[in-house]
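Right, one structure below, let's go through it.
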Amino acid sequence: MGDNNIKQLQEKLNYKFKKTKLLELALTHSSYANDNKMSTHVSNQRLEFLGDSVLGMIVAQLIYKNKPELTEGKMSKLRADLVCEKTLAGFARGFDLGSYLLLSFGESKNGGRERPSILADAFEAVIAAIYLDGGLKPAMKFVKGIFLPYIKNPIIHDSDYKTVFQEFIQPKTELSYTYETVAEEGPNHNKLFTVELRVNGETKGTGTGKSKKIAEQAAAKEALLNLKGDT
């Protein structure tokens, strides 16, 4: 993985690694390791195992602190909704993790970069990488920034940010919104799109990605965080 990609992803994650090899490992799928005759330890499987536990503990703590009205059963249900494969894959798409994954040629050709199980595992592996690199505090900050809005205002936990945004804003009849593509950079085979999500003409979220769809998802995610912070 090139230094530019590592730098770009760290900016998206809002975390700078001391040991970038941990981030590279988090993005290395077992198919890539097998294809390149690497040790089975040189993939993100072990990090995913650790990340699953770290994520579950942090989300449980956030629910406990922020939803005192919930019973144990409802707390468990909310946590299950938040850490399920579909939700985590959606969060991974928000960071465009799929484009950074190291996959075998066959896995990549067969749609591995969009496969929910691969994306969810990579997302958990990234959390573990942050935890190992910086400790619990930065891991908590990373998870809290993503999950707390959905804990405070539980809505659809499929992490299709455009759908979640639509559901969030629909009851607010005084608000209207549009997605505007404000920039296209790079050659045709490797374009980078920038999209703004404007609410009543004011930019509430900006996202970039290798397709307009990815950029719109990122913009919707940022807008959700901004608008929920205003309420």
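The values are calculated or read from the model by the stated rules, or taken from the named source; none is laboratory data. None of these values were measured; they are calculated from a predicted model. Cβ placement follows ideal geometry from the backbone for every residue including glycine, while neighbour counts extend to all protein chains displayed. Heavy atoms of the whole protein, side chains included, go into the accessibility calculation; ligands, DNA and RNA do not. Shrake-Rupley method; radii C 1.70, N 1.55, O 1.52, S 1.80 Å.
Taking the range 67-98 as the region of interest, how many residues are open to solvent by 40 Å² or more (accessible area, probe 1.4 Å) and among the hydroxyl-bearing types (Ser, Thr, Tyr)?
Looking only at that region, the number is 2.
Taking the conditions exactly as written (aliphatic (A, V, I, L, M), surrounded by 12 or more Cβ atoms within 10 Å (Cβ to Cβ) and farther than 26 Å from residue 75 by Cβ), does residue 143 satisfy them or not? Can you show your working first?
Numbers: aliphatic (A, V, I, L, M): yes; surrounded by 12 or more Cβ atoms within 10 Å (Cβ to Cβ): yes; farther than 26 Å from residue 75 by Cβ: no.
Spelling it out, it is not the case that residue 143 is aliphatic (A, V, I, L, M), surrounded by 12 or more Cβ atoms within 10 Å (Cβ to Cβ) and farther than 26 Å from residue 75 by Cβ.
Within the range 1-29, which residues are in a loop (DSSP other than H, G, I, E, B) and open to solvent by 30 Å² or more (accessible area, probe 1.4 Å)?
Once the filter is applied, which keeps residues that are in a loop (DSSP other than H, G, I, E, B) and open to solvent by 30 Å² or more (accessible area, probe 1.4 Å), the range 1-29 yields 1, 2, 14, 15, 16, 18, 19, 29.
Find all pairs meeting these conditions: Cβ atoms under 6 angstrom apart; at least six residues apart or on different chains; first residue within the range 44-57 and open to solvent by less than 50 Å² (accessible area, probe 1.4 Å); second residue not in a helix (DSSP H, G or I).
44/28
Take the residues of the range 130-182 that are acidic (Asp, Glu) and part of a helix (DSSP H, G or I): which is modelled with the lowest pLDDT?
167
Against the condition of a type outside the set (S, T, N, Q), open to solvent by less than 40 Å² (accessible area, probe 1.4 Å), more than 18 Å from residue 61 (Cα to Cα) and touching a residue at least 12 places away in the same chain (Cβ under 8 Å), how does residue 120 come out, does it pass? Before you say what the answer is, go through the steps one by one.
Working: of a type outside the set (S, T, N, Q): yes; open to solvent by less than 40 Å² (accessible area, probe 1.4 Å): yes; more than 18 Å from residue 61 (Cα to Cα): yes; touching a residue at least 12 places away in the same chain (Cβ under 8 Å): yes.
So residue 120 passes the test.
Is there a residue in the range 30-37 that is free of Cβ contacts under 8 Å to residues at least 40 places away in the same chain, in a helix (DSSP H, G or I), surrounded by fewer than 21 Cβ atoms within 10 Å (Cβ to Cβ) and not hydroxyl-bearing (Ser, Thr, Tyr)?
Looking through the range 30-37, at least one residue is free of Cβ contacts under 8 Å to residues at least 40 places away in the same chain, in a helix (DSSP H, G or I), surrounded by fewer than 21 Cβ atoms within 10 Å (Cβ to Cβ) and not hydroxyl-bearing (Ser, Thr, Tyr).
Among the residues of the range 46-91, what is the count of those that are under 14 Å from the mean Cα position of the chain (by Cα), at pLDDT below 95 and under 14 Å from residue 146 (Cα atoms)?
Total satisfying the criteria: 7.
With the requirement that a residue be more than 20 Å from residue 9 (Cα to Cα) and either over 21 Å from the mean Cα position of the chain (by Cα) or open to solvent by 50 Å² or more (accessible area, probe 1.4 Å) (or both), what does the range 190-216 give you?
198, 199, 200, 201, 202, 203
Would you call residue 104 free of Cβ contacts under 8 Å to residues at least 24 places away in the same chain, open to solvent by less than 50 Å² (accessible area, probe 1.4 Å) and of a type outside the set (A, V, I, L, M)?
Against the criterion (free of Cβ contacts under 8 Å to residues at least 24 places away in the same chain, open to solvent by less than 50 Å² (accessible area, probe 1.4 Å) and of a type outside the set (A, V, I, L, M)), residue 104 does not qualify.
How many of the residues in the range 3-55 are in contact with a strand residue (DSSP E or B) (Cβ under 8 Å, 6 or more places away or on another chain) and small (Gly, Ala, Ser)?
Qualifying residue count for the region: 1.
Name the single residue, out of those in the range 160-180 being open to solvent by 60 Å² or more (accessible area, probe 1.4 Å) and β-branched (Val, Ile, Thr), that is farthest from residue 226 (Cα to Cα).
It comes out as 173.
Is it true that some residue in the range 217-228 is at pLDDT 90 or above, open to solvent by 70 Å² or more (accessible area, probe 1.4 Å) and under 16 Å from the mean Cα position of the chain (by Cα)?
No, because not a single residue in the range 217-228 is at pLDDT 90 or above, open to solvent by 70 Å² or more (accessible area, probe 1.4 Å) and under 16 Å from the mean Cα position of the chain (by Cα).
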